[in-house]
Amino acid sequence: MEAGAHGPFALKCVAACHARRVAFLEYSLTPEHQYPCQMVQAVAALRYLLENEGLSPENIILGGDSAGGHLVLSLLTHLACPSPYASPVYLQGRQFKAVVGVSPWSKLSWPQAHALRPAPYDFMTKERVEEILHMFNHPSDEVWGLLGEQQELLAVWKKAPPGSRTARSFSRKWLLTIGDAEILYDSCLEFGQGLLDLEVVRIDGRKALDLVQELDYVLAVAPGEAHVQAALDCATGVQNGRMLTSILAFLAAC
């Protein structure tokens, strides 16, 4: 976590949803600690909150940005179909209060990385994406890392009670945010629409923010904004960025 960006960002999110407590997972980093180390740590963290802290899923909002967003999605995939790396976690039909993914590193394979379109206004370059994917060094046909084909992921998530086509059985509310100027835009859009079946809302004014608050399953697109723009705005003191305001509006309605 970058203190100058994610600290203020997290505090804004906490205030928006009136959370009483916030927990950060300080997961190990690649390449020193290879996948699936991070997912095993995420599973252990969730188990600790449920079993040791006695929290109910209905009172938990899961969130992450970029690689952290990927980790949240990997964790949910494990809940749907337990991986061989960690013991199962059973929610007994209960749902999380909300899931928030900010520019999540979602379904992205090597062929997709090579085919990324240029994003001149994003600090995340194609070369950097390929470097990160190389460090991830994860089997390309394994669904828990979200690198499998779309139909494979759908087949796994269908196992989540009550057998929903989408991820809606995991959480009462979902928000994925992406900037249309970020290099991972197409990947996130495909994941949010094709797998999660989220409703796309273009954040271009007050009516769009009202819609984000009204809907339960939202893919918020921030025009002209880059990868994890919300955290960048918090680091630079920008108060009214589109991605940031959509996240805060969504959390206020949770």
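The values are calculated or read from the model by the stated rules, or taken from the named source; none is laboratory data. Because the structure is a prediction, the values reported are computed rather than measured. Neighbour counts run over all protein chains shown; Cβ positions are idealised from the backbone, glycine included.
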- Whichever residue in the stretch 22-41 is out of contact with any Phe, Trp or Tyr (no Cβ under 7 Å at 6 or more places or on another chain) and among the aliphatic types (A, V, I, L, M) and, among such residues, is farthest from Phe136 (Cα to Cα): Val22
- Return yes when Arg206 is modelled with pLDDT under 95 and not hydrophobic (A, V, I, L, M, F, W, C) and no when it is not. no
- Query: Counting only residues that are closer than 30 Å to Ala226 by Cα and modelled with pLDDT of 95 or more, which one in the stretch 47-67 is surrounded by the most Cβ atoms within 10 Å (Cβ to Cβ)?
  - Reply: Asp65
- Give the residue that is farthest from Gly179 (Cα to Cα), with candidates limited to residues of the stretch 81-101 that are surrounded by 20 or more Cβ atoms within 10 Å (Cβ to Cβ) and hydrophobic (A, V, I, L, M, F, W, C). Phe96
- Task: Give the number of residues within the stretch 117-144 that are at pLDDT 85 or above and among the basic types (Lys, Arg).
- Result: 1
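In the stretch 51-75, which residues are of a type in the set (A, V, I, L, M) and touching a Ser or Thr at 6+ places or on another chain (Cβ under 8 Å)? Talk me through it step by step, then tell me what you get.
So in the stretch 51-75, the residues of a type in the set (A, V, I, L, M) come out as 55, 60-62, 67, 71-73, 75.
Listed by number, the residues that qualify are Leu62, Leu73.
Taking the condition at pLDDT below 95 and either closer than 20 Å to Ala119 by Cα or not small (Gly, Ala, Ser) (or both), does Leu251 pass? Don't jump to the end; show me each part of the working.
On the way: at pLDDT below 95: no; either closer than 20 Å to Ala119 by Cα or not small (Gly, Ala, Ser) (or both): yes.
Judged against the criteria, Leu251 is not a match.
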- Task: Would you confirm whether any residue within the stretch 71-91 is over 25 Å from Gln151 (Cβ atoms), at pLDDT 85 or above, of a type outside the set (A, V, I, L, M, F, W, C) and under 20 Å from the mean Cα position of the chain (by Cα)?
- Result: no
- Message: Of everything in the stretch 81-105, what is under 22 Å from Asp233 (Cα atoms) and either out of contact with any Leu (no Cβ under 9 Å at 6 or more places or on another chain) or not aromatic (Phe, Trp, Tyr) (or both)? Give them in sequence order.
- Response: Val99, Val100, Gly101, Val102, Ser103, Pro104
- Matching residues in the stretch 25-41 - criterion: being in contact (Cβ under 8 Å) with a residue 12 or more places away in the chain and loosely packed, with under 15 Cβ neighbours inside 10 Å: Glu26, Ser28, Pro31, Gln34
